[in-house]
Structure formats: C-alpha cells, structure tokens
1. Name the pairs: first residue in segment 239-268 and part of a strand (DSSP E or B), second residue among the acidic types (Asp, Glu), Cβ to Cβ under 8 Å, at least 6 apart or on different chains?
2. Working only within segment 188-244, note down all residues that are among the hydroxyl-bearing types (Ser, Thr, Tyr) and more than 15 Å from Leu106 (Cβ to Cβ).
3. If the Cβ limit is 6 Å and pairs must be 6+ apart or interchain, which residue in segment 200-223 that is in contact (Cβ under 8 Å) with a residue 12 or more places away in the chain and within 14 Å of Ser90 (Cβ to Cβ) pairs with which residue that is buried (at least 21 other Cβ atoms within 10 Å of the Cβ) and aromatic (Phe, Trp, Tyr)?
4. Which condition from (1) farther than 24 Å from Phe177 by Cβ; (2) without any contact (Cβ under 8 Å) to a residue 24 or more places away in the chain is the one that Pro125 breaks?
5. Every residue in segment 439-452 that is on the phi < 0 side of the Ramachandran plot and either free of Cβ contacts under 8 Å to residues at least 24 places away in the same chain or surrounded by fewer than 17 Cβ atoms within 10 Å (Cβ to Cβ) (or both), please.
6. So which residues in segment 78-94 are surrounded by fewer than 24 Cβ atoms within 10 Å (Cβ to Cβ) and of a type in the set (D, E, K, R)?
7. When Ala36 is evaluated against the numbered criteria (1) closer than 19 Å to Gly99 by Cα; (2) modelled with pLDDT of 95 or more, which criterion, by number, is the only one it fails?
8. Output the number of residues of segment 67-115 satisfying the condition of being among the charged types (D, E, K, R) and without any contact (Cβ under 8 Å) to a residue 40 or more places away in the chain.
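The values are calculated or read from the model by the stated rules, or taken from the named source; none is laboratory data. Nothing here was measured: the structure is a model prediction, and the numbers come from that model. Neighbour counts run over all protein chains shown; Cβ positions are idealised from the backbone, glycine included.
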Amino acid sequence: MSGAAADRSAESGVTDAGVGAVGSLTAGRLPRSHPAALGVDPAAIERLAASLTRIGGVHSLMVVRRGQVVGEGWWAPYRAELPHTLNSVSKSVTSLAVGIAIDEGLLGLDDRVIDLLPEHAPAQPSERLQRLTVRHLLTMSRGCSEPDFDGVRSRATAEAVRFVLNEPLDHKPGERFVYSTGTTFLVAAVLQRLTGGRLLDFVADRLFAPLGITTREWDSSADGVDLGGSGLHLRTEELALLGQLLFQRGEWDGRQLVPAEWIDLATSPQIVTALVPFDADADGSASVEREPGDWELGYGFQFWRSRHGAYRADGAFGQFIVVMPELETVVVTTAGLDPMDAVLDALWTELLPGIGNVPDAATSATAAGAVGDAGSAAPAQLTGLQLAPQPGDAASPSEDALLARHFVIAGDAPLRGLRVDAVAKVDGAGGATWTLELETPSGTERLGAGHGRWVEGATSAITGAATPVGVSAGWAEDEWRLRIQLIETAQTLTVAVTVDGDSVRIEGRMHGWFAPAELGPITGHVSPR
C-alpha cells in the first residue's frame, strides 16, 4: 500500500466505511446475526429463497447487513466449502486491482494501451488503436462492434494478447459501450506486465490475504495471462467478503486496501449502456415508458449500476455481488441459469421490502429477547434446499438392456474412448442408486447417480481432469436420463442414453457455458470386458 493510501486509511478508519464496517475476521469468516437483530424481516429472506428455488438453477445465496451474515443457503449438491466459477464477476476484481495499481503509481487511467503493451502492438497501429487508453478498456468502449462474452478462452493461441490487441476497432475509443471480455483480458495483460507476475498473485497479496480469502484459482490464457474478464473461482462467503469491502469503500480492519476514491469511481456510471429508448419502435421512438432494467442504468469501471441505488459485480448465468449502500446490505449469489435477470427481479421483489422494516434489536426488546447477542446469534439458515434432480421413473422395462453391460463409446470428445464397464443398481431405503464404472484415460472411476436426489462424486470423463459432480438419474420410457452438475461451476450436463441391442446412443446438452452446447449423438457398442 502506498503512503497516500496509508494516510487515507489513518484519517478515515471505520468512519469512512459507514455503519456496519467489519474489522478483523477469523479465517475469512463474516460474523453471523439473526436477521431481525439487524432490521431484516426473516420471512423476506425465506421468500427470496423460495422464489429462487422456483426459478431453478441458483446454487447459493448469502445476505449480509451491516457487516453480518443474516441469511445463507446452498442448493444441494452445491456446498459452502466449494469454490464456484465466477465468470464476469472476475472483471470487477480486475478493476479493484487497477485501482490499487494506480494508487501505487504503476499506471494512469489515460495511459495509452500501446505504450503499456508495446511488444504486442502492431508496427503501424491504427489511429484508433493509438488513442486507446486504460479508461476505454475499463468502460468497455474500446471500439469493438460486436459483444464478446468468451474473451480468449476458446482461442488456443500462444499469442492471445497480440491477437486481441490487434483486432480491428470499428468505432472510436470511448464512442460507445460494447461488452467485451477480451477487452478486460487486455487490462489483465497490462497489470501482469507492470507487476512482473500473475494478476492472481497481485490480488492475493493485496486483497485476498487481508480479507482472509484462501481460494487461489484464476484461469489463464495459453500465453500465461490470467483471463481477467473471467476465470476467477471463489467460495460464496469469499464473494461476500469482497462485497463487504466494496460497501466499506475499500477499508478493512484499519487498512485502506483499495482507495475509497477508486471504489466511488468504479461503481459510478461512467458510460451509457442503453443506446436506444427503452422498448423503442423500429424508428427509435419510445413506444412504452417503463423503468429501466438492471442492464440499462450505466456501467462504471467493470461494475454495473442497478436499480434502487445499488451496483453490482455481475457474471454470466447468475453470479452476483449486489451492493446496496443506502440499505447497508450486500447480497451474493452463485448460479447456473439463463436468463439471469430473474435473480435480480426476485431480490427486488422479495427481499428489498423486508430490509429496514423490522426494528433493530437495540430498540426492540422483543427482537433482542428472541435472538440474544446479535454478534453470535444464528442467521436465517436456509436448510433443505436442493436443485431439482433429474425427473423420471426409478425403473423401466428397458433397464435390463443397460445393467451389467459393457460399452465402449466411439463418438467425439469429451467421451471418445470412454469405456462403461458396468452399470449397477441398488434399491435402498433412500431410493434407487445407479453406479457407473468407467474406464477413462485417468483410470477406473465409479460414479453414482441417485433417483430423486443427488449423489456426489468426481469424474474426468467430462473435462479430462477430475471434476467434482453431483448426479441424479431417471427413466423416461426407454431413455435413461442423467443430470450431472459440475458443482464448482455454473454448468449442468444433461445426458440421454438409449440401448438398442448391442449398440448404445448418447445425446447430451451442456447448460451454463458459452461453447457449443450440444453433445452428440454419440454412439457406442457392447464389448466384452
């Protein structure tokens, strides 16, 4: 931390952060409190959880008020101790890193990108590229014409930075907002060049360690640059810690980890995101007047503005850190659903009316007597939550064609060469459980699948590396259907298996990912052991 940042920290302390600032923690864990003790209606949290369950695809929820967790829950098979991919929430963490780097004198908002990445710039850069600055990157106004949600993830190139930097710019920098994950990748490349190390190491040292965040995982490009705009993985509570840091304007335990001025700039609208009137006719004239939605209220430096005076870090398929400064509240979700605006709609409809409408424990003897010490009382524990398992029957007349048979898959990746050595079934008190014995390049794996419930395990058959999963299954006439949750990601793989004589056919679909979603049809054949 620079001297200027230290001076600000000493001057401001907790006062700058406002009511509800949190100081030191134990192992990165926020304090807990009963919601009523902090003016939150417990029924509102329960209604929000019920609404998210109906929507489907939400993996976790944490509600923080005045620095204390007042509600938390995970939808099985997701669990509190597992990290989750954050998609574009990563962009907001990259923005915090930029604020720190500027405070340390490493760069400025109006520095030219070609000066910061000279070895990747073309010999004769265009006029638009010459004008491109860090500010343009942060406001998604690089000059792209088409949105880019994948960044460099699908580009198997050892020169990813050069590839993105040399993409043609169809507009003047700063002229218009076009969302681009590749743009944030350039920010990551700048930071890595200036710091001489990984972006992950920079934020781990300056942000994660002081906050007690222990997860260290950020996906990188083929040329070793952390993706910046995506690829970060954190646990739900670690997201909440970042949200509380944002609410406290960068101050934590007496230290100014991120300049307060940067938090204010980054979370304020810097560029317009609604380029035409809401619900406009073809000629651009407004046909219906309505409140602007959560993606139409402006964009800061890698943060979105939201309704009700809030702002957020926002990742595809429902990863959110929503900060409501006026209500002293932070809400965090992880998920795997599309469209994801349903999560924010539920937040505004179900939770928002219940914040501040219950007397604080300090002024309500009833609440104080019910919950005791607000610092130690239990929050709303949202237990019994579960993602909808695969629907279907526990048995089928076609089941004998599947059980105790051995199949070799002949189709395309990721299942090419997979050998299913056996499918067994046990009918127990908890319902039917199938067990697949798989022979993969990594060795023999056994994967369970529950009827009407999730069975956790791990397999390398999907990604090539051991991947934690939760699996449920059921029969739909002659199709055996599996639902496989990749429980450290937003992804769900649904698979339908049909056996016809000595052949097997597999069709699948991957949900919660940007790549082609269809899997198959893949064929296989019965084989002796």
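1. Here the result reads Glu251/Asp16, each pair linking segment 239-268 to a residue that is among the acidic types (Asp, Glu).
2. Thr214, Thr215, Ser220, Ser221, Ser230, Thr236
3. As it stands, the answer is Leu200/Trp218, since those pairs meet every condition given.
4. Going through the list (1) farther than 24 Å from Phe177 by Cβ; (2) without any contact (Cβ under 8 Å) to a residue 24 or more places away in the chain, Pro125 breaks only (1).
5. Initial filter on segment 439-452 (on the phi < 0 side of the Ramachandran plot): 439-442, 444-451.
Once the filter is applied, which keeps residues that are on the phi < 0 side of the Ramachandran plot and either free of Cβ contacts under 8 Å to residues at least 24 places away in the same chain or surrounded by fewer than 17 Cβ atoms within 10 Å (Cβ to Cβ) (or both), segment 439-452 yields Glu439, Thr440, Pro441, Ser442, Thr444, Glu445, Arg446, Gly448.
6. Arg79, Glu81
7. (1)
8. 4
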